[in-house]
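Note sheet for the following structure.
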Amino acid sequence: MLRAAGIGVGDEVVVPAFGNAEVAGAVTLVGASPVFADVDPVTYCLTPDTVEAVVTARTAGVVVVHRFGRPADVRRLHETGRRHALLVLEHGESEAPYDEIARRRERAAYLDARLRGVRMPDGGDGHTYQQYVVRVPGNGRPDRDAFARALRAKGVECRVPVKTPLHRLPEFRRCVALPETELAADETLALPVDASLTKRDMQRIVSACNALGGLLQPAF
């Protein structure tokens, strides 16, 4: 789609650094340069303000990535694109059947009501909970990683959704300030909300998290 729109050498395309390398790689594949913008700390998506902050005369497009089942504010981003004459593309996540999404939402609501010591995701409109991503308070990555190891030791599967932001990877390294992206990479942890989880599974997740969550305090 980038190539079909005439985007290529000399052009810049705004993409998030919080995510996998697929989108930035597609930009480089057509000869353009990926420009990394910061993300919103609640949705983990690009916003009109974060895009505006990096637009230059060379900017030709924006690729909006929906994260963890929470959609970006596409309407306002398209308005930003029209104002700057930019191509705005969406990179979506794999869709799931309605009944599976409904079960994920039930499990997410269960965690919302019972978890302590971690910051739960803001559900927002249309959240499908492809991943249930919490923030682990404390001293950033060391405490988050220790929390994850302790959960796994208790039999709770969890994963770090973004280990290294793209602007810190060798193939995309940029000297840019993306504070929300870097903080999210250090603090976020995805807990299971799969439709197949039983009530006992959910109780085990809550029990394990709550036993650990009170031990971590925000750093000042």
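Details
- Note on the stretch 59-79: residues that are more than 18 Å from VAL9 (Cβ to Cβ) and open to solvent by less than 40 Å² (accessible area, probe 1.4 Å) amount to 11.
- Residue that is open to solvent by 40 Å² or more (accessible area, probe 1.4 Å), at pLDDT 95 or above, part of a helix (DSSP H, G or I) and not basic (Lys, Arg), where the choices are ASP186, ASP201: ASP186
- Hey, THR56 within 14 Å of LEU166 (Cα to Cα), open to solvent by 50 Å² or more (accessible area, probe 1.4 Å) and modelled with pLDDT of 95 or more or not: no
- In the stretch 145-183, of all residues being among the small types (Gly, Ala, Ser) and assigned to a helix (DSSP H, G or I), the one that is least open to solvent (accessible area, probe 1.4 Å) corresponds to ALA148.
- When residues of the stretch 37-53 are limited to those that are touching a residue at least 60 places away in the same chain (Cβ under 8 Å), open to solvent by 10 Å² or more (accessible area, probe 1.4 Å) and not polar (S, T, N, Q), the one farthest from TYR132 (Cα to Cα): ASP38
- Any hit, the stretch 92-114, residues being in contact with a helix residue (DSSP H, G or I) (Cβ under 8 Å, 6 or more places away or on another chain), closer than 30 Å to ARG204 by Cα, open to solvent by 60 Å² or more (accessible area, probe 1.4 Å) and at pLDDT 95 or above: yes
- For the stretch 126-144, taking the residues that are touching a residue at least 12 places away in the same chain (Cβ under 8 Å) and open to solvent by 50 Å² or more (accessible area, probe 1.4 Å), the one that is farthest from ARG67 (Cα to Cα) is identified as ASN139.
The values are calculated or read from the model by the stated rules, or taken from the named source; none is laboratory data. Remember, predicted model here, so these are calculated numbers, not experimental data. Quick reminder, even Gly has a Cβ in these numbers, built from the backbone with ideal geometry, and neighbours come from all protein chains shown. Heavy atoms of the whole protein, side chains included, go into the accessibility calculation; ligands, DNA and RNA do not. Shrake-Rupley method; radii C 1.70, N 1.55, O 1.52, S 1.80 Å.
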